[in-house]
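Step one of this worksheet: look at the structure below.
Coordinate-derived values only; no laboratory data. Predicted model, so just to flag it, every value in this text is computed and none were measured. In this analysis, Cβ positions are derived from the backbone assuming ideal geometry, glycine residues included, and neighbour counts consider all displayed protein chains.
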Amino acid sequence: MNIVYVKNNEQMSLMAADIIASSILHKPDAILGLATGSTPIETYALLVAKYKVGALDFSQVRTFNLDEYAGLAPDHEQSYRYFMNHHLFNHTNIAMENTHLPLGNTSDHEKQCAEYEKKIEAVGGIDLQLLGIGSNGHVGFNEPADVFYMKTNVQNLSAATLSDNKRFFKGENEVVPSSALTTGFGQIMAAKSVLLLAGNGKQEIVQKAFYGDVTPQIPASCLQFHHNCTVIAVR
Ligand code: F6R
């Protein structure tokens, strides 16, 4: 894996947007695996800016997001579907039917996971997988565990993740959902390339995940075995 160090979040986002844009220019019908969270917001803004000046065309791009909160409907303001529409999809010419996230508000989460897994398989997997990293080393919502979960699965969110994500839930009655549907390591490791962004504040977990042992207790460490993974990390 390649680890590229940059000075700040701005440089990280610029580099990430250039890498994603070049992958779309190279393959206009690229299949992108996308992430939410605060880390990629600026990258998405830069991609929108490239689209607005005519430098990028999303008309054939297909996207599969990593995860969605269990129990949240797509129009819930804290759902990841809402996030993606708000930060990227609504501002480009991507066809909404080409954008995919697991559905959080179905009655059968396991079935939804199996269907989502099949959808990704049906298109032949992900070309470029964008990832963030949790302070506990999670990717997607694959939390520290005794095994690496391979398939799309339902995860109970750890105390660390619930506490990290509290900041997004501001309404009086809003509680952070305690579980989420997430793509597993099978699809992530099968992606043709992976781009993981680790902004300011993630220095400690970057050290543990990419310079230490590969262990499911630090899920991102699995990426040490990916054949084409780039980490852009703020020094
Ligand atoms: C979200 C996701 C998560 C985040 C991680 C970091 O789709 O996959 O793994 O990437 O929790 O979140 P931020 O960027 O908010 O620090």
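Observations on the model:
- Residues whose placed amide H lies under 5 Å from that of Ile3, excluding near-sequence neighbours: Val231
- Comparing mean-square fluctuations of Thr161, Thr63, Thr182 from a GNM of the chain with C-alpha springs under 10 Å, the top value falls on Thr161.
- GNM on the chain, alpha-carbon springs under 10 angstrom: the most fluctuating residue among Lys151, Lys27, Lys192 is Lys27.
- Other residues whose C-beta falls under 12 angstrom from the C-beta of Glu143 contribute a net charge of -3, scoring Lys and Arg +1 and Asp and Glu -1.
- For Tyr80, net neighbour charge (Lys/Arg +1, Asp/Glu -1) across residues whose Cβ lies under 14 Å away: -3
- Taken along its principal axes, the alpha carbon cloud of the chain reaches lengths of 43, 40, 38 Å, longest axis first.
- Count Lys and Arg as plus one, Asp and Glu as minus one, and take only other residues whose Cβ is under 15 Å from that of Ala190; the net charge is then +1.
- Entry note, the chain: the mean residue ellipticity at 222 nm calculated from DSSP H runs of n ≥ 4, each adding -39500 (n - 2.57), is -9500 deg cm²/dmol after division by the residues and rounding to the nearest 500.
- Ranked for footprinting exposure by Cβ neighbours inside 10 Å, fewest first, Asp213, Asp146 give Asp146, Asp213.
- GNM flexibility winner over the chain from Gln203, Gln187, Gln78 (Cα, springs under 10 Å): Gln203
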